[in-house]
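Peer 1: First the structure, which I've put down as structure tokens, then a few questions once you've had a look.
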Amino acid sequence: MSATILNRLAALDTNTVSDALDFLDLKGATYGLRPLWDCPKIVGRASTVKVGPKTDAAPTTHLLTSVVDAVTTDDRILIISGGIEGVSCWGDILANASKQKRIRGTIIDGMSRDIDGSRDVGFPVYGRGVTMISARNRVVQIESGTPLQMRGVTVHQDDYVIADNCGTVFVPAQHIEEVLQFAERIDRRQNLMVQAVRSGKPVSEVMHDTQFEAIRESGPSSTATSPAHQNPKKASPEDEELIALFVDSDTPGVSDALDKLGIPGQAFGIMPLANYQKVTVGPAFTVRYVPTSDPPGSVGDFIDDVAEGDFVVIDNGSRTDCTVWGDIMTQYAGLRGIAGTVIDGVCRDVNRAINDEYPLFTAGRWMRTGKDRVQVGGVNESVGIGKVRVNPRDIVVADANGVVIVPRARAREVAEVARRIEKSEEGIRALIAGGATIAEARKQLGYHTLQRHEKE
């Protein structure tokens, strides 16, 4: 569920989340913690660290190294309090180490130096400002994983964090669902207000206080936040762990890892409905369709059994003469927090899926209904998708390039090989940027053997 929450938070900005906190009378928005280079928005869970002035001459471990080394998940943002004005408590070596540990960024109630080094490796740093003065013999780490103060806001370990060009906001973990509900309502209402202004309505009318109060008074709208639509089936801890392994991967990298391990997993001919900008990952909820009986059976009631974060995987026998997915299924799946849908067959009502940005991967699109032509033959059994066997709870990874299926029992192994391959390819790109020829770079880092299956 954490991955789903982070995706919802990432779809917002700090302005909207700050407004939601205001509506709920919660503290979380800070002033003065801004991006220290032109870094991207970051969203994640807080790993708290408190630092302070060094008061003795005893030697100490380098600042923050133990915290960075202890990180084991890819959802972390380091939250550092207690910095001294004009003295650094962050630098490029820590940025490089954090990048390797897949830490999402750092927010400092203090200063950073070597900011060009953080920028060069693409590591986001937010704080009060930059300096050249080292923390050595001036600042020490006091504690980690404990509550701390960030510009008047109390931040606990595992609280939610969002930071962008406007600043930094912290959301208490126990309030994240209600904050997201309000923020999503605010976001929709403000989008409507922008459209109203663009259509010619007077801004004095559009931005009247009554319009903002309507946000507070309106009930939950047609998103997954409505209690009536909240999915009672949640992702298991193991599902969340396996999904997190692939969050920073893409289908080409995972495909190469499957090739390296001799695992068939690339779904042939199954393509994205739109040019999706992010990767979608989830465990497979498998559905098998068969020709209809007399009288016809169910075509879509299975969706009530799909858990939040699952990927619906439908085997319609590669049929392109009738659909098994349309706008009602798209809307309901979105309301229930389902990750996406893969179909060995076709879909219809595609505008709804495109406008809702619901991830949908199929063999094509057509308008003819599957009602009275096909029916559900089975759920959560082995199915075939694009010449690949898919078992229930296998891990589906899908993006603008297509769909790959990772056998659940080998997910950790595949993820590790994918990371090694991606790291080698990053090295090749770095060598090329440094002046090496592509032949030299590929030879040095073994490009021609990266994806080659090594037989036992």
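Peer 1: I need to check one value: relative contact order of region 237-413, counting alpha carbon pairs closer than 8 Å and at least 6 residues apart, in percent.
Peer 2: It rounds to 35 percent for region 237-413.
Peer 1: Quick one: what does P(r) look like for region 75-171 with 5 Å bins over all Cα pairs, in whole %?
Peer 2: 3, 13, 24, 27, 22, 10, 1
Peer 1: At 27 angstrom or more along the helix axis (alpha-carbon based) and mean Kyte-Doolittle of -0.5 or higher, what helices does the chain contain? Whole DSSP H runs only.
Peer 2: 176-198, 411-433
Peer 1: How large is the accessible surface per residue of the chain, computed with a 1.4 Å probe and reported in Å² as a whole number?
Peer 2: Accessible surface, normalised per residue, equals 48 Å².
Peer 1: Hey, another quick one. Once you put a point 7 Å from the Cα of E413 and another 7 Å from the Cα of D38, both along the Cβ direction, what distance in nm separates them?
Peer 2: Modelled inter-label distance: 4.5 nm.
Peer 1: Here's something else I'd like to know. Which values, in whole Å and largest first, are the semi-axes of the equivalent ellipsoid of the chain obtained as the square root of 5 times each eigenvalue of the Cα gyration tensor?
Peer 2: Listed largest to smallest, the semi-axes of the chain are 41, 31, 19 Å.
Peer 1: Could you work out the helix-only [θ] at 222 nm for the chain, with each DSSP H run of four or more residues adding -39,500 (n - 2.57) and the total divided by the number of residues, to the nearest 500 deg cm²/dmol?
Peer 2: -9000 deg cm²/dmol
Peer 1: A further question on this structure: Percent antiparallel among DSSP beta bridges with both residues in the chain, to the nearest 5?
Peer 2: In the chain, DSSP labels about 55 percent of beta bridges as antiparallel.
Peer 1: Report relative contact order for the chain in percent, whole number only (criteria: Cα-Cα under 8 Å, sequence separation at least 6).
Peer 2: Relative contact order comes out at 15 percent.
Peer 1: Pop a pseudo-label 7 angstrom from the Cα along the beta-carbon direction at both E381 and E178 and give the gap in nm to one decimal.
Peer 2: About 4.6 nm, to one decimal.
Peer 1: When only alpha-carbon atoms are used, what values of Rg and Dmax, in angstrom, describe region 237-413?
Peer 2: Answer for region 237-413, Rg first and Dmax second: 15.0, 48 Å.
Peer 1: Could you please state how large a percent of the accessible area of region 5-179 is carbon and sulfur, counting protein chains only and using a 1.4 Å probe?
Peer 2: Exposed carbon and sulfur together represent 50 percent of the surface.
Peer 1: Need the C-alpha centroid separation for region 113-174 versus region 229-307, integer Å.
Peer 2: 36
Peer 1: Still on this structure, please answer the following. When averaged across all projection directions, what area in nm² does the alpha-carbon convex hull of region 328-421 cover?
Peer 2: In nm², the orientation-averaged hull projection of region 328-421 is 7.4.
The values are calculated or read from the model by the stated rules, or taken from the named source; none is laboratory data. Keep in mind that this is a model prediction, so the values were computed, not measured. All Cβ positions, glycine included, derive from the backbone under ideal geometry; neighbour counts span all protein chains shown. The accessibility values were calculated without ligands, DNA or RNA, using every heavy atom of the protein model including side chains. Shrake-Rupley method; radii C 1.70, N 1.55, O 1.52, S 1.80 Å.
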